[in-house]
Amino acid sequence: MIGDFWKESNGLATANDMDKNLAYMYTMKKKARGQLLFTKEKLAEYGSKVGLFPGVKDWFRRIRQYGADREVIIEHYIISSGLKEMIEGTSIAKDFKEIYATSFYFDDDGVAVWPAQVVNYTNKTQFLFRISKGVLNVNDEAVNDSFAPDEIRVPFHNMIYIGDSDTDIPCMKLVNSHGGYSIGVFNPKERNEEKAKKRVYKMIRDNRIGYFTPADYSEGQELDQLVKLIIDRTVFNEQLERKHYEYKNEALKQSKQKSEEEQEKIDLIDALESSGNFKNTHNIIRKLSKYENWQDDEIIDLLSIGFHNSQVRYILGDQDIKVFYKKILEKAPSIDENAAKVAAIIEASEEE
């Protein structure tokens, strides 16, 4: 009977260029017509009868506690092409921070009348971005806003995506390619293990996932051990990540403290040091010449460049370069060895 339903539903989608989720929603309503009231309560009732994989019921409590013991906040989300109303009827619905799934709009009598949300294999990825940015409401357009890396609430490299079907592939690939952890699971009760693993073998060959295990969520089983290893690794990764942004923010703060003029001088001195042709050198000197005030360290850098950069040293006798460096020499610390060398080159050019 279930096979017949999906055959009819998928046939409807194919014949009408229809989204498969919309097709199954329509087929459900059609078959319920005259047979039963197609209500939210009825769907939740069916959901309460859904069988769960081993260990699922106490998985959430165990994993959250494992994270808490290591000062890591663990959140669970579900992104499903299945019906939200049925998922909400399961005993584990309360354990998800958000349930993103296909859903109906219900009238005042609680009867399903129209699709409210359709979650298919391609648009599943938008919910990962919502989770990442902390923009959880499905109608919040702030998900399209740009966020600085240190403003991201849940970085992709801290995500673990567990999936078992082809509709999970885009999300798996996204998480995997951004440094996160994608795990393919297969039915542990399947008698033919090779057949059960066929899909996950292909997923790992195609770099959709990094790991695969039986869908046994019990304590001590392979999936449980793998996720705990990832949590342990995340603890150290986050410490390094925090350090990185501490250093980065310190550098940004230091940069902001300098005036725009000083920053431009620093940039021009750096450009002069790496200048590789005469035209560029003349252009940089022209820009530097508008400044009158120089710090000792800037003067020392300019004199060092004047002697050690052959592109600058070779044209010290050119009028604009000479005028600029004479002004710098007037302000040079007496102990600077490059000052004498630059002065000697300029004097020699004037004697020619």
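For the chain, take the longest principal axis of its alpha carbons; what is the angle in degrees between that and the long axis of helix 124-133, to the nearest 10 within 0 to 90? So the inclination is approximately 50 degrees. Pairs of C-alpha atoms in segment 260-351 farther apart than 20 Å represent 26 percent of all such pairs. Length gained on full extension, N137 to E71, computed as 0.36 nm times the residue gap minus the Cα-Cα distance: 21.1 nm.
A viscosity of 0.890 mPa s and a temperature of 25 °C, combined with the Kirkwood radius over Cα pairs in Stokes-Einstein, give a translational diffusion coefficient for segment 1-85 of 154 µm²/s.
Its Cα centre serving as origin, segment 38-247 has a Cβ charge dipole (Lys and Arg +1, Asp and Glu -1) of approximately 720 debye.
For the peptides 220-228, 247-255, 149-157, 301-309, the ranking by mean Cβ contacts within 10 Å, running from highest to lowest, is 301-309, 220-228, 149-157, 247-255.
What's the extension gain from N10 to Q263 if we count 0.36 nm per residue and subtract their Cα-Cα distance?
84.8 nm
Here the residues S103, S146, ranked from fewest to most Cβ neighbours within 10 Å of their Cβ, fall in the order S146, S103. Taking every alpha-carbon pair in segment 77-126 and binning the separations at 10 Å intervals from zero gives 26, 49, 24, 1 percent.
Ranking D166, D19 by Cβ neighbours within 10 Å, fewest first, what do you get?
D166, D19
Only Cα sites of the chain enter the Debye sum here, all with the same form factor; the resulting log10 I(q)/I(0) across q = 0.08, 0.12, 0.13 1/Å is -0.62, -0.92, -1.04, listed in q order.
Relative to one another, the C-alpha centroids of segment 59-106 and segment 108-160 are positioned 14 Å apart.
Estimated purely from DSSP H runs of n ≥ 4, each contributing -39500 (n - 2.57), the mean residue ellipticity at 222 nm for the chain is -17000 deg cm²/dmol once divided by its residues. From the alpha carbon centroid of segment 32-57 to that of segment 212-238 is 30 Å. In terms of surrounding Cβ atoms within a 10 Å radius of their Cβ, W294, W59 rank from fewest to most as W294, W59.
In the chain, what % of DSSP beta bridges are antiparallel (nearest 5)?
30
Full extension of the chain between Y121 and E250 gives 42.3 nm of extra length, using 0.36 nm per residue less the Cα-Cα distance. Summing Cβ point charges (Lys, Arg +1; Asp, Glu -1) relative to the Cα centre of segment 160-314 gives a dipole of roughly 740 debye.
Name the trypsin sites (Lys or Arg not before Pro) in segment 1-60 that are in a loop by DSSP and that have at most 16 other C-beta atoms within 10 Å, would you?
Numbers: sites: K7, K20, K29, K30, K31, R33, K40, K42, K49, K57; in loops: R33, K49.
Taking segment 1-60 and a limit of 16 other Cβ atoms within 10 Å, the loop trypsin sites (Lys or Arg not before Pro) found are R33, K49.
Expressed as a rounded percentage, what relative contact order does the chain have, with Cα pairs under 8 Å and six or more residues apart?
Relative contact order, the chain: 10 percent.
When the charge dipole of segment 23-130 is built from unit charges on Cβ atoms (+1 for Lys and Arg, -1 for Asp and Glu) and taken about the Cα centre, the candidate among V119, F96, G67 whose Cα reaches farthest toward its positive end is V119.
We did not get these values from a lab; they are worked out from the coordinates using the rules stated. This structure is a prediction, so every number in the text was calculated from the model and none was measured. Heads up, the Cβs are rebuilt from the backbone with ideal geometry, glycines too, and the neighbour counts pull from every protein chain shown.
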